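**Q** Structure below; questions to follow.
The values are calculated or read from the model by the stated rules, or taken from the named source; none is laboratory data. Quantities reported herein were computed from a predicted structural model and do not represent experimental measurements. Reconstructed Cβ throughout: ideal geometry from the backbone, glycine too, with neighbour counts over all protein chains shown. All accessible areas refer to the heavy atoms of the entire protein, side chains included, with ligands and DNA or RNA removed. Shrake-Rupley method; radii C 1.70, N 1.55, O 1.52, S 1.80 Å.
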Amino acid sequence: MDKEKIFRLVLVAALVFLIYQFGFRPIFMRDGGEIKADREYWSALLPEDEGPVFDVIVYGSEPQGISAAVSSARLGARTLLISEDYDMGGIITKCLIPELELPLDSAGKMLNGGILEELRKKTGDCFSPEKYSEAVNELIQAEDDLAAIAGSVITGVEMDGRRIDSIEVQTKDGKMDLKARIFIDASDSGALLELCGIPYFTGSADLGMSNRYMPVSLNFVMELKEGGTTDNSRLVGKTAVFNEGPVKYKPTNDDFRLEDPKLCFLPENKVIISGLQLAGTDVLDKDSMQRAYRLAVAEARKLSRWLSENYVELKDHVFSKPADSLRVRESVHYKGKYVQDINDILDGTYFYDTVAMGSHPVMISKFAISGSFIAANPDCYSIPLRSLVPDGVMNLLMAGPRISCSSLAASSASAIGTCIAQGEAAGAAAVLCIARNENPAFLDENHEYFEELGATLKAKNMYLPNKTTTWEFDKNWSSEAARQLISLGLLAGGSENNMRYNDPAQQKDLAFMLINGIYRIDRESYTPELIDRLRPFINSRNLTFDSLVGMIGALYGMDGEPDTVYKRLCDKNYINRVFRNRIEKLETNAETITMDMVYYIGAYSIRCYTGKDISGSIPDSLFITDEPDNEDEAVVPGEPVDSAESPAAS
């Protein structure tokens, strides 16, 4: 081989290496091929040309707003945080929330890490709203690229096609027009999302009830009365659950309930009481909210007296003050590129664009009168970036309770520790998009710079392990039916995920399941005649072959002797072969049926009667871009009555 050929081969090899090193791989790769996506990395890529004063504007000083603003500023982006309040404490100080609601995996390890871990360390073992406010102000003041304006609200938005050109903000000094390259709505209200016309649904519209919301809650403070001698200094920083003993608090009415009630001991003999909830409040109606607040304060005073009488630690304590605001866990759900549903949580889905982790229970307290309010208690699950990308606007991200989720999924994903991770990820995604002149809507696994997002979250020490697990539902033969009923908010497994498959069933278990399930799936099928046919079965008697056949027969308008009706139901396939094989193993027509059979025939009958599938997914047609017209309220005879104290709707 002559020298010229050798030279050509060496030249080609060098060119291949240079193309690979500087063409196919990001230019700032270091350390064995890993991207060091830290502040230095992004500062070199962020634009320096003339443009808006700010790269990123974050609206809302809720915990997810703080993390979003700090996240983008730490990467070198000129960031503005707009806060409606003055102390930057957001919902935690307004609602006297005594914890960060940390998401933990089954081994007790905290998920998400990053800024959430920083806040946990800064607030220490003795968490209080005051310590949280101090901690977030330290984070804000530590960032040179982060400015903040307090006591301000967004009042308008100027669009340029599908992009936000500017926002109008009312401050204490007057109105301001502000521009940025990327905007993040991290408020609990979703005010910017609303102004941009992002499609949405309210309450539990995905389950047929647009005006049904999670209960609002009121936390309050008790303190040592004048002349009191109780000393709780040894309990400072500790939390205790109450109302678990034989003596239980009796609320004024069924709209009030205690959900995971806790005593949180603070210095100076003060105690925050959490867990008092009020159901049935229209959170989008100002008058309803004001009335709810008055009722909740009165109930808190009553609860304070009961606590003082029944707990030695509080015997000299009295009601001191309520939170400034009710905590609203659910109002409006906005549409994103991906709508996370209950199946993602039950399956433990780990997404290719995972940006946050959750592990809090899925709650159905808005549907239940008593019994367990926990539908399912997952180990852990992931939240994708696509659920933080609103549908229809190119330079907008969202974080917090209003991200793109079904109503049941949101009951878990709205936990504060999970929202903080969403905010941190949104801030990182905003910087990536600005640096790469891209829109969040186009960030997917096939994107040229997609791997930079994961590298950035890693550089922020976020802990997003791919260790999610699918809930096996005890591997029961009716587990798929149980899953479908959970997706309708009809079952409660409780904190132990105990579906009580082998428990004896009562007639009302199946009756309520059919009534509520049909109501949530298909309003046209929910009629006064249907209620009249099933009403006789709303009782506490055991569910037997005869009563089950009578109930399913009544559903379809069949009456007669049980054996005759059973044959007709089988001929019509209203009772299928799978269920026949089970029910025909009963020794007598009077033998009590177990809950596993109720789950199967309940889900099967809801599907057959309505002709609709039970999938748990949210159709695009559900989302609206204008005010709800509530026409559906006029075609039904009223919402069904929720059952009590059974796994089949409690």
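**Q** Take the conditions in a loop (DSSP other than H, G, I, E, B) and under 20 Å from Ser71 (Cβ atoms) and apply them to Asp125. Does it pass?
**A** Answer is no for this residue.
**Q** Which ones in region 54-79 are surrounded by fewer than 24 Cβ atoms within 10 Å (Cβ to Cβ) and either closer than 24 Å to Lys321 by Cβ or not small (Gly, Ala, Ser) (or both)?
**A** Scanning region 54-79 gives Phe54, Arg78.
**Q** Looking only at region 43-53, decide whether some residue is open to solvent by less than 10 Å² (accessible area, probe 1.4 Å) and either within 28 Å of Asn219 (Cα to Cα) or part of a helix (DSSP H, G or I) (or both).
**A** no
**Q** Out of (1) in a loop (DSSP other than H, G, I, E, B); (2) surrounded by 20 or more Cβ atoms within 10 Å (Cβ to Cβ), the odd one out for Met357 is which?
**A** The number of the failed condition is (1).
**Q** Another one. With respect to the numbered conditions (1) under 26 Å from the mean Cα position of the chain (by Cα); (2) of a type in the set (Ser, Thr, Tyr); (3) open to solvent by 30 Å² or more (accessible area, probe 1.4 Å); (4) farther than 30 Å from Gly392 by Cβ, which one is the sole condition not fulfilled by Ser274?
**A** For Ser274, the failing item is (3).
**Q** Please note which strands (runs of 3 or more DSSP E) are completely contained in region 130-174 and include at least 1 residues that are charged (D, E, K, R) and open to solvent by less than 70 Å² (accessible area, probe 1.4 Å).
**A** 163-171
**Q** Hey, another quick one. With the requirement that a residue be hydroxyl-bearing (Ser, Thr, Tyr) and either under 11 Å from Asn219 (Cα atoms) or touching a residue at least 12 places away in the same chain (Cβ under 8 Å) (or both), what does region 241-300 give you?
**A** Passing the criteria: Tyr249, Thr252, Ser274, Thr281, Tyr293.
**Q** Here's a follow-up. What's the total number of residues in region 360-401 that are of a type in the set (S, T, N, Q), open to solvent by 10 Å² or more (accessible area, probe 1.4 Å) and either under 21 Å from Leu278 (Cα atoms) or free of Cβ contacts under 8 Å to residues at least 60 places away in the same chain (or both)?
**A** 2
**Q** Could you count how many residues in region 503-561 are part of a helix (DSSP H, G or I) and either in contact (Cβ under 8 Å) with a residue 40 or more places away in the chain or crowded, with 17+ Cβ neighbours inside 10 Å (or both)?
**A** Here is the first cut: in region 503-561, the ones part of a helix (DSSP H, G or I) are 507-521, 523-525, 528-537, 545-555.
From the residues that got through so far, the ones that are either in contact (Cβ under 8 Å) with a residue 40 or more places away in the chain or crowded, with 17+ Cβ neighbours inside 10 Å (or both) too are 507-521, 523-525, 528, 530-531, 533-534, 537, 545-555.
Number of matching residues: 35.
**Q** Would you confirm whether or not region 588-600 contains a residue that is open to solvent by 30 Å² or more (accessible area, probe 1.4 Å), in contact with a Pro (Cβ under 7 Å, 6 or more places away or on another chain), not polar (S, T, N, Q) and not in a helix (DSSP H, G or I)?
**A** No, that holds for no residue.
**Q** Looking only at residues in region 202-219 that are hydroxyl-bearing (Ser, Thr, Tyr) and touching a strand residue (DSSP E or B) at 6+ places or on another chain (Cβ under 8 Å), which one is surrounded by the most Cβ atoms within 10 Å (Cβ to Cβ)?
**A** The first filter runs over region 202-219 and keeps only residues hydroxyl-bearing (Ser, Thr, Tyr), leaving 202, 204, 210, 213, 217.
After this cut, where a residue has to be touching a strand residue (DSSP E or B) at 6+ places or on another chain (Cβ under 8 Å) as well, the list is 202, 210, 213, 217.
Numbers: Thr202: 21, Ser210: 20, Tyr213: 23, Ser217: 21.
Looking at the filtered set, the residue picked out is Tyr213.
**Q** Now for a separate question. Based on this model, can you work out whether Asp188 counts as touching an Asp or Glu at 6+ places or on another chain (Cβ under 8 Å) and either among the aliphatic types (A, V, I, L, M) or buried (at least 21 other Cβ atoms within 10 Å of the Cβ) (or both)?
**A** Here the answer is yes, as Asp188 does meet what is asked.
**Q** Continuing with this model, one more query. Can Tyr566 be described as of a type outside the set (Lys, Arg), under 39 Å from the mean Cα position of the chain (by Cα), in a helix (DSSP H, G or I) and crowded, with 20+ Cβ neighbours inside 10 Å? Don't jump to the end; show me each part of the working.
**A** Working: of a type outside the set (Lys, Arg): yes; under 39 Å from the mean Cα position of the chain (by Cα): no; in a helix (DSSP H, G or I): yes; crowded, with 20+ Cβ neighbours inside 10 Å: yes.
No; evaluated as a whole, the condition is false for this residue.
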